[in-house]
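S.K.: Shown below is the structure under consideration.
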Amino acid sequence: ITIDSNISGSYNVAEFLNPDVPVTKLYQNAILEVKWDEYLPQVICNLVQIKGRKASAFSKYAAVRIW
C-alpha cells in the first residue's frame, strides 16, 4: 500500500535519471495505491475503502502517454 503524489512525466526517456529534465505535472491529487496478487485479505480491503470515493484503475505510465 502506497500513497503517490506529485505525479509528473516527461517524454524525454533518455534523461530519466536527470533531476533537471523538464516534466509536466499529471495529477493534482494523491492516489492511494493497493497492489496484490490473486488474494487480497478482507481486512485489508475493508481498511482501504474510503467513503464517498470510488475504486478505479489508474496507470501512471498510460497517463504520461496521453498528455
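S.K.: Taking H as built 1.01 Å from N, whose amide H comes closer than 5 Å to the amide H of I7, not counting residues under 5 places away?
M.R.: L26, Y27
S.K.: How large, in percent, is the carbon and sulfur part of the accessible surface of the chain at a probe radius of 1.4 Å?
M.R.: 55 percent
S.K.: Sticking with this one: Excluding ligands and nucleic acids, what accessible area in Å² is computed for T2 using a 1.4 Å probe, to the nearest 10?
M.R.: 60 Å²
S.K.: What relative contact order, as a whole-number percentage, does the chain give when Cα pairs under 8 Å and 6 or more residues apart are counted?
M.R.: 38 percent
S.K.: Calculate, for the chain, the solvent-accessible area per residue in square angstrom, rolling a 1.4 angstrom probe over the heavy atoms of the protein chains.
M.R.: Heavy-atom SASA per residue in the chain reads 90 Å².
S.K.: Considering only I31, S10, A55, whose Cα is most displaced toward the positive end of the charge dipole of the chain, charges sitting on Cβ of Lys, Arg (+1) and Asp, Glu (-1)?
M.R.: Comparing the listed Cα positions along the dipole, A55 ranks first.
S.K.: Right, another one. Summarise the long-distance tail of P(r) for the chain by giving the % of C-alpha pairs beyond 13 Å.
M.R.: I get 72 percent for the Cα pairs in the chain exceeding 13 Å.
The values are calculated or read from the model by the stated rules, or taken from the named source; none is laboratory data. Keep in mind that what you see is a predicted model, and the values were worked out from it rather than measured. Here Cβ is always computed from backbone atoms with ideal geometry, including for glycine, and neighbour counts include all displayed protein chains. To get the accessible areas, we keep the full protein, side chains included, count just its heavy atoms, and leave off ligands, DNA and RNA. Shrake-Rupley method; radii C 1.70, N 1.55, O 1.52, S 1.80 Å.
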